[in-house]
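Notes for the one structure printed next.
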Amino acid sequence: MNTKTIHISDILKSQRIDVAYYKDCFRGDGFVPLSRYVDIKGGKRIPKGKTFSFENTNYLYLRLSDIADFNNIDYNALKTISKELFNTLKRYEICNNQIVFSIAGTIGRVFVVKNIPEGKHVILTENCAKLLPKSDDVLPEYISILLNSDFVQEQIEQNRIQTTIPKIGLDRIAKLKVPKLPSVNKQLEIVRLYQEAQASRLQRIQVSKQILHDIDNSILEVLGINNDKSEFNDSQLQKLSTLVGERLDVAFHKGIEKSTKKIKEITYKQLCEIAKLSHEGWNQESLFKDVFPYIEISGIDTQLGEINVIDSVPINKAPSRAKKVVRKNDILISTTRPNRGAISIYNNETVSVASTGFSIIRSISDCVLRDYLYVILRSSLSLEQMAIRSSGGNYPAITEPELRKVLIPIPSLEVQKKIVDTIFEMKTKAKQLHIKGDSLLEEVKQEIEKLIIG
């Protein structure tokens, strides 16, 4: 049996007594606490009884939910607060070249703040900490690279507080062990290597995004549809007979006419004429023994239309929305904010369960290739119709009766196959570019870690 001696001084320093922590604990012999090089300060939540400003101001509030890309913050999208509230929270302001560290939810995401618009001031959420270099010999970019390295991220994971929402305390961030910092010139060299690799990766990602963006035009080109975005006249006549059972608002009919005009130039059918929605449900008892595979809308990659995450969930903790049975070759369509394109084909042999936020297509007519239907549903030809037929506020959704009315262009099977082959080839190229960029960055990160540790 393997044993490991833990000294009482280690327990007092870490304030941890759980075996799992010490089993994989990073020793970091010769390393020093992060607090030697930076001061760690917390952010602040909006005080109770206060709220965001109803008017645009120069005082912004950065929430963790606003940080979709930790390297590029969209300051124009941030909520604003009043000058009075800013003065109350001023000590929690974050400035350019300071370091932000996420401490709740997805903990340990680190980035250097850049490009705050001139004249703007930003207050930091309580779910993040700001790290302030103690001297000019500590480069923020180097600290960011250091904290994103694997050996520090492992420590962050070990020091997380085991609650419903993962957290890490400021005191534990201060105690993270890091190698002694090299000279400023050495730090600059490492930052340069990392930034060059990051730029190379971003260049590949941009090319990848452009390929995916061009998919729509490729579909229209093969279908022989003119991609004319000209507006229609405001006046539109609709026969009363066409409105029975439909909506009466003018905007809806203008939108539907605009989004379907191109499709009506060729042969088409309503979705309900070529496919049937599956209503096979799960009673949360049968099919699985202890755990079940679960697909949420967030598990769908909206750019590639692939299922990235299938969670393993204990049956006794099944969410109430885990109700829909998914089988091989089913097409999953997110009915919440459907215009995002969270649509995918399930390719696994084993049965899974999906959220009730999906509609599921199982049976498809012989006149339509399954892969073609999947491709068309993810194109703007379909997504625009879904968006117009949706209703609701911040999270508009489309009902299944409305989904069935979506018009699908039906060219010959030969043309359908040509479209599928073209689109899948483009997706493969885009994925390869993305993977190559990530791979090159990871290689550089490994080399940098060797330089950092020595």
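The values are calculated or read from the model by the stated rules, or taken from the named source; none is laboratory data. Small disclaimer: the values here were computed from a predicted structure and weren't measured. Neighbour counts are summed over all protein chains in view; Cβ atoms, including those assigned to glycine, are modelled from backbone coordinates with ideal geometry. These accessible areas exclude ligands, DNA and RNA; they are computed on the full protein's heavy atoms, side chains included. Shrake-Rupley method; radii C 1.70, N 1.55, O 1.52, S 1.80 Å.
Grab the beta carbon distance between Leu202 and Glu84, set R0 = 25 Å, and tell me the FRET efficiency rounded to 0.05.
0.05
Want the number for Ala174 to Gln284: 0.36 nm per residue separation, take away the alpha-carbon distance, what's left?
Fully extending the segment from Ala174 to Gln284 adds 35.1 nm.
Could you calculate the FRET efficiency of Ile161 with Tyr75 from 1/(1 + (r/R0)^6), where r is the beta carbon distance between them and R0 is 25 Å, rounded to 0.05?
Here the calculated transfer efficiency is 0.25.
Using Stokes-Einstein with the Kirkwood hydrodynamic radius over Cα pairs, what translational diffusion coefficient do you get for segment 302-352 at 37 °C and a viscosity of 0.692 mPa s, in µm²/s rounded to a whole number?
267
Determine the gain in length on full extension of the stretch Ser298-Cys367; use 0.36 nm per residue of separation and subtract their C-alpha separation, reporting nm with one decimal.
21.7 nm
Considering the dipole of the chain built from charges on the beta carbon (Lys and Arg +1, Asp and Glu -1) around the Cα centre, which of Val222, Ser390, Leu146 is farthest to its positive end?
Leu146
Which whole-number percent is the relative contact order of the chain (Cα, under 8 Å, 6+ apart)?
15
Amide H neighbours of Glu306 under 5 Å, counting only residues 5+ apart in sequence or on other chains, H built in-plane at 1.01 Å?
Asp301
Give me D for segment 298-410 in µm² s⁻¹, whole number, from Stokes-Einstein with Rh from the Kirkwood sum over alpha-carbon pairs, 37 °C and 0.692 mPa s.
Taking Rh from Cα pairs, D becomes 225 µm²/s.
Semi-axes of the equivalent ellipsoid of segment 23-146: what are they in whole Å, largest first, if each equals the square root of 5 times a C-alpha gyration tensor eigenvalue?
One finds semi-axes of 29, 15, 14 Å for segment 23-146.
Quick one: dipole size for the chain, taken about the Cα centre, charges +1 on Lys/Arg Cβ and -1 on Asp/Glu Cβ, in debye to the nearest 20.
1080
What is the antiparallel percent of DSSP beta bridges lying wholly in segment 34-131, to the nearest 5?
Given both bridge residues lie in segment 34-131, the antiparallel proportion sits at roughly 80 percent.
What stretch of the chain, leaving out the sites themselves, is the longest with no chymotrypsin sites (Phe, Trp or Tyr not before Pro) in a DSSP loop having at most 12 other Cβ atoms within 10 Å?
The reported range is 233-454.
If eta is 1.002 mPa s and T is 20 °C, what Stokes-Einstein diffusion coefficient results for segment 166-222, Kirkwood Rh from Cα pairs, in µm²/s?
So the translational diffusion coefficient is about 136 µm²/s.
With the Cα gyration tensor of segment 108-221 in hand, convert its eigenvalues to equivalent ellipsoid semi-axes via √(5λ) and list them largest first in whole Å.
32, 21, 17
Counting helices only, and only those DSSP H runs with n ≥ 4, report the 222 nm mean residue ellipticity of the chain as the sum of -39,500 (n - 2.57) divided by its residues, in deg cm²/dmol to the nearest 500.
-10500 deg cm²/dmol
Do the alpha carbons of any pairs in Lys114/Lys175; Lys209/Lys323; Lys186/Lys450; Lys90/Lys134 sit beyond 23 Å of each other, and which pairs?
Checking Cα-Cα distances, Lys114/Lys175; Lys209/Lys323 exceed 23 Å.
Pulled fully out, how much extra length does the chain show between Asn185 and Ser391, if you take 0.36 nm times their separation in residues and subtract their Cα-Cα distance?
Stretched fully, the Asn185-Ser391 segment lengthens by 68.4 nm.
Quick one: how many Å² of Ile266 are accessible to a 1.4 Å probe, rounded to 10?
Using a 1.4 Å probe on the heavy atoms, I get roughly 40 Å².
To one decimal place, what Kirkwood hydrodynamic radius in Å is obtained for the chain from all pairs of distinct Cα atoms?
It is 26.1 Å.
Given a 1.4 Å probe, how much area per residue of the chain is accessible, in Å²?
Heavy-atom accessible area per residue stands at 56 Å².
Please return the longest stretch of the chain lacking exposed loop sites, where GluC sites (Glu not before Pro) count only if DSSP places them in a loop and at most 10 other Cβ atoms lie within 10 Å.
119-230
Residues with beta-carbon under 10 Å from that of Asn347, excluding Asn347: net charge, scoring Lys, Arg +1 and Asp, Glu -1?
Local net charge: -2.
Per residue, how big is the convex hull around the C-alpha atoms of segment 351-454? Give it to me in cubic angstrom, could you?
Expressed per residue, the convex hull around the Cα atoms of segment 351-454 is 189 Å³.
To check you understand DSSP bridge types, tell me what percent of the beta bridges within segment 273-409 (both residues inside) are antiparallel, rounded to 5.
Looking only at bridges with both residues in segment 273-409, the antiparallel portion is about 90 percent.
Could you look at the chain and say what percent of its accessible area is carbon and sulfur, using a 1.4 Å probe and all protein chains?
C and S atoms contribute 49 percent here.
So in the chain, what percent of DSSP beta bridges are antiparallel if you round to the nearest 5?
Approximately 90 percent, going by the DSSP bridge assignments.
Taking the Cα centre of segment 71-216 as origin, work out the dipole magnitude from +1 charges on Lys and Arg Cβ and -1 charges on Asp and Glu Cβ, in debye rounded to 20.
Roughly 360 debye, rounded to the nearest 20.
What whole-number value in cubic angstrom gives the convex hull volume per residue for the C-alpha atoms of segment 263-349?
Taking the convex hull of the Cα positions in segment 263-349, it is 125 Å³ per residue.
Would you pull out the residues with amide H under 5 Å of Val178's amide H, same chain only if 5 or more places away, H placed 1.01 Å from N?
So Val178 has HN proximity to Val32, Leu34.
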